[in-house]
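Accompanying notes for the structure given below.
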Ligand code: ISE
């Protein structure tokens, strides 16, 4: 496990305790005290560097800060280690492209990308139900964080948070994006000067479906992700998770989690088990490095759109390795 912050710790605990077919043997973090605490808890060793961890492990999970993903992913590919890299593949297109190039040079797929929503029961059911309502016309998405996870910047909201929607809508619709436009309005009271929150991201797909995303990272009241597909013969609403509805004290409602782990815990478990199972079979699972590159190209076009207006999404031809 490279990176023992929020998600690295959750993944390491899950791999050690819930997932069959895996052991957490090495952990690395730039904060060695944090790495030691997790290693002691799980009976693992602390690696002095990412390089040593990669050399000593059969497979690697990358859960470091976004800006380090690409460099560490390339180290893993050079060492030919099956790797689950947290999203995004990289914040910039150049870095994401370098990971894809490294895998193309290798000539086989070793990298799985942690777009965990592809394993979420809600999204899986939604995708399966789309044919029952006809042609998808519009997808409405809501992505709200209680507070900006890593400091609030408009670019970060798009390349780190809304990138989930950029991936999941492409996967839901089995379609590619044609254009993106970001609309900003009045910022909330805690939004730093020059940044925007919330934002509306509006995309068109090659087949003409509209995808609309409310990206709001400082919503204060809780964490919420919603998705509704409007199609030619009906609509499908994923709701906001499988929460128990409580009726008491003359009120009806349910709790709202503070963080994504509270909403996507099952998705993460399924993602990790699928990755471990695939690794034993010499395969990858879920999203690929190519999906990561497409999401990063789209997110960066969205960032440009804030100041430059609507942008075409130009994705290079898909290499045969990712067919
Ligand atoms: C975080 O990294 C995630 O992946 C969460 O799902 C997302 O809601 C959050 O905005 C990201 O920072």
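Here are a few things to note about the model shown:
- Residues of region 225-244 that are surrounded by 16 or more Cβ atoms within 10 Å (Cβ to Cβ) and in contact with a strand residue (DSSP E or B) (Cβ under 7 Å, 6 or more places away or on another chain): 225, 226, 227, 228, 229, 230, 231, 236, 238, 240.
- Exclusive hit being surrounded by 20 or more Cβ atoms within 10 Å (Cβ to Cβ), touching a residue at least 12 places away in the same chain (Cβ under 8 Å), assigned to a helix (DSSP H, G or I) and assigned by TED's automatic domain parsing to the domain that holds residue 59, set 298, 279, 284: 279
- Residue within region 85-102 that is at pLDDT 95 or above, in a helix (DSSP H, G or I) and closer than 14 Å to residue 1 by Cα present: no
- Tallying residues that are more than 12 Å from residue 3 (Cα to Cα) and buried (at least 17 other Cβ atoms within 10 Å of the Cβ) within region 60-80 yields 6.
- Qualifying residue in region 206-217 (condition: at pLDDT 95 or above, within 16 Å of the ligand (Cβ to nearest atom) and out of contact with any helix residue (DSSP H, G or I) (no Cβ under 6 Å at 6 or more places or on another chain)): yes
- Count of region 245-276 residues, restricted to those that are within 15 Å of the ligand (Cβ to nearest atom) and touching a strand residue (DSSP E or B) at 6+ places or on another chain (Cβ under 7 Å), is 3.
The values are calculated or read from the model by the stated rules, or taken from the named source; none is laboratory data. What you are looking at is a predicted structure, and each value in this text was computed from that prediction instead of being measured. Methodologically, a virtual Cβ is constructed for each residue, glycine included, from the backbone with ideal geometry; neighbour enumeration extends over all protein chains shown.
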